[in-house]
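Here, each number is a calculation from the coordinates, and none is a lab measurement. Being a predicted model, the structure only gives us computed values, none of them experimental. Every residue, glycine as well, gets a Cβ built from its backbone with ideal geometry; the counts of neighbours run over all protein chains shown.
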Amino acid sequence: MKVYLDNAATTPVDPEVLAVMMPFFKEKFGNPSSVHYQGQEAKIALDRARVEVADFFRVEPEEIIFTSGATESVNLAHKGLIETFQKSRVPACQAEKPHIVTTSIEHKAVLETCRHLEKLGWAEVTYLPVDRFGLVRAEAVERAIKPNTVLISVMYVNNEVGTIQPIKKIGDFVKKINLSRPASGAPRIFFHTDATQAIQYLNCDVSELGIDLLSLTGHKFYAPKGVGLLLVKSGISLVRQQDGGGQDHGRRAGTENVAFIAGLAEALKQRAAGKEQEAKRVKELRDRLAEGILKKISGVVLTGHPEKRAPHIASFTIRGVEGEAVLMYLADEGIAASSGSACAAGDLNPSHVLLAMGVKPELAHGSLRFSLGKKTTIREIDYVLSVLPEIVVKLRKMAPK
Amino acid sequence: MTLTYTKKVLDLLRNPKNMGQIIKPDGVAVVGNRVCGDVMKLYLRIGRRRRAIDGKEEEYVKNIKFQTLGCPAAIATSSILTEIAKGKTLTRALKISNREIVEELDGLPRTKLHCSVLAAEALKKAIRNYQGNEK
Ligand SMILES: Cc1ncc(COP(=O)(O)O)c(C=O)c1O
Ligand code: FES
């Protein structure tokens, strides 16, 4: 039996999505910037995709910038925004250095981008701690705000442990604070969220949530790898990070990846239909898996928040085993999962997320994540439950007491 | 990330040789890897035999067992180490290098080379533990 439970890493392309993409490789191959028939055909497809995507988030089409994925979107949002402030800043005046508030459990796309901005001396950054469930407190975000704060960047759902962050709470107080800031001469604060792991299951109405900028990547919800978007509410000016032609209203140069963008729009449309039922179905399977593992194997702890968690992620630490070894034994049984163990990471550092949650390195060593998807069945879950306990017994037998 | 391992490594991961304990061992060592958190424990039974050429008595690794909490490379290197060391004189066993271990496994991914260093270190430490006990 082949069981793929690594959907938080990536998903296969939906057949319907692929079907929508195919014409743009051959018959409708035009460049959307060309005035002739082929060009206009591509332009129409691009515009339609933009409208469909905007509908998903209930925003205007002009508020969508297509990118190569969440990493690029995050880079553009953070660097683009800070560069806007940098341009208007008096050099060497430290007090005016813009301030970013983020969390210590963000994806590396955010963490490394923030570090880069710090290194350039263009921004100061506060990396907020999280509690043992991987939750950042909205109050802590609020308290971290300073007169020079310009950006708050908090991920919607953590990719390793699935914890859902209090996005609406943060969005609400950012809105409120922004009302009073102009009077004190302080800059407006923008709220960015990396919503990559939330798109298919959670509310993504950005106005309701108070989100100004949102990043995502397509391959986590059955669109291809290498396409994503940055949502930017109107009135926010970003300095573009990729120079060249005037595509995407001058915000991202380079000929648009029409086929992939059409695929991204189709995948979002598919996910929007029946979103709640699918979230419920996946959550039930995930709960069955988590409860089964906790019951059948001793020394296991569910990582992440027990309730405030995305439906597709079940993550654990298993005492007395190493994650990569578990993955190899699972692979022998046809099961694909992932681990945040140092040995599995290749760079030999245990997951920064687990460490930030206060998980001891020895325990992070035995971390295991299963992430479910639309193809996951109850049979697959029961199959995992039938083989995992033996694997753990076998590996524990190998370990020194 | 799951790395590409050789068939030897995978076979040993599935069926490790000499895994377990020796009760009242002559030498024992525990080594840990500060880098990634793995722990390896080695148990030795030392024997004496006469050399065929000159009839001189020599000490050799009569039995060796391991227990490892670690990655596939750590398990495979511990296992292959016990196979290399078994039957060797202590003088020869002390010379087992991590390179020898890696070669026996038909190679290891670059980020996993330190696991073989750990195994070689464990054997030296266990032999010295025995020699220390003797004095
Ligand atoms: C939360 C989160 N952010 C960002 C990314 C980066 O996505 P991509 O590599 O497609 O740019 C991922 C996926 O790896 C993710 O899970
Ligand atoms: S010992 Fe951990 S990487 Fe092998």
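What FRET efficiency comes out for residue A:188 versus residue A:40 if R0 is 30 angstrom and r is the Cβ-Cβ distance? Round to the nearest 0.05. Intermediate results must be reported in sequence, preceding the final value.
Details: r = 38 Å, r/R0 = 1.28.
With a Förster radius of 30 Å, E is 0.20.
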Worksheet item: Say R0 is 56 Å: what FRET efficiency, to the nearest 0.05, do residue A:294 and residue B:24 get from their beta-carbon distance?
Response: 0.90
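I'd like to verify something in chain A: which complete DSSP H helices, judged by Cα projection on the helix axis, reach 27 Å or more and average at least 0.0 on the Kyte-Doolittle scale?
Details: long enough: A:37-57 (30 Å, -0.29); A:275-296 (31 Å, -1.40); A:378-398 (31 Å, 0.60).
Flagged H segments are A:378-398.
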Response to the item:
So residue A:377 and residue A:120, fully extended at 0.36 nm per residue minus their Cα-Cα distance, gain in nm 87.7 nm
Worksheet item: For the cross-link pairs B:62/B:124; A:360/A:397; A:397/B:125, which exceed 19 Å when the distance is taken from alpha carbon to alpha carbon?
Response: A:360/A:397; A:397/B:125
Practice prompt. Let me have the 222 nm mean residue ellipticity of the protein assembly as shown computed from DSSP H runs of 4+ only, each contributing -39500 (n - 2.57), with the sum over all residues rounded to the nearest 500.
Written response: -13000 deg cm²/dmol
Item to complete: Post the alpha-carbon centroid distance, the range B:17-86 to the range A:134-189, in whole angstrom.
Response: 56
Worksheet item: In what order do A:243, A:287, B:38, A:248 fall by count of nearby beta-carbon atoms within 10 Å, going from fewest to most?
Response: A:243, A:287, A:248, B:38
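What FRET efficiency, computed as 1/(1 + (r/R0)^6) with R0 = 45 Å and r the Cβ-Cβ distance, is obtained for residue A:283 and residue A:88, rounded to the nearest 0.05?
After rounding, the FRET efficiency stands at 0.45.
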Worksheet item: For chain A, what is the relative contact order in percent, using Cα pairs closer than 8 Å and at least 6 residues apart in sequence?
Response: 22
Worksheet, complete the sentence: Mean separation of Cα contacts under 8 Å (at least 6 apart) over the residue count of chain B, i.e. the relative contact order in percent, is 30
